[in-house]
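Trainee: Below is one structure. I have some questions about it.
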Amino acid sequence: MAEGTAPVMVVLFASDSFPEDYETLCRNTADYEVLCPPGGDQVDTAAEASQVAQLSRQYGWSRVMIVTSNYHLRRARYLDRKCSGEVAIIGAAARPRNLQIRLKAVAKEMVAMPIAIVEGCPPAPDTGG
């Protein structure tokens, strides 16, 4: 963001999993626009991909950078491409520090990726707008 890579940052989380600094992120005191659309209670990777596609169409974005854990990147990229079509998806991986959390997450991805392939892109969650 500081290097002008992206003029807008979108922060998506399910309402029950907001990080401690969510309010700070969404206060929008930065030199770039910060969007924090409501995610609802059922936000998952597929719903987030659909929401990103909706925002891409609304704002006319041609590129989207996804920041997520590296074990999760393949499914996130797959769903974002499926939902967004022409939008170029650039992944920026982040890794959880705790090995046990990483192992659980990798196991979850082994089940979730085939489901994503079968189910595809859902409708975007209602953001109240």
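Where a number appears in this text, it was derived from the coordinates with a stated rule and is not lab data. Please read these numbers as outputs of a predicted model, since none were measured by experiment.
Trainee: Stretch CYS26-VAL8 to full length: gain in nm at 0.36 nm per residue minus the Cα-Cα span?
Mentor: 5.3 nm
Trainee: Same structure again: Mind checking the full-extension length gain between ILE117 and SER69? Use 0.36 nm per residue of separation minus the Cα-Cα distance, one decimal, nm.
Mentor: Fully extending the segment from ILE117 to SER69 adds 15.3 nm.
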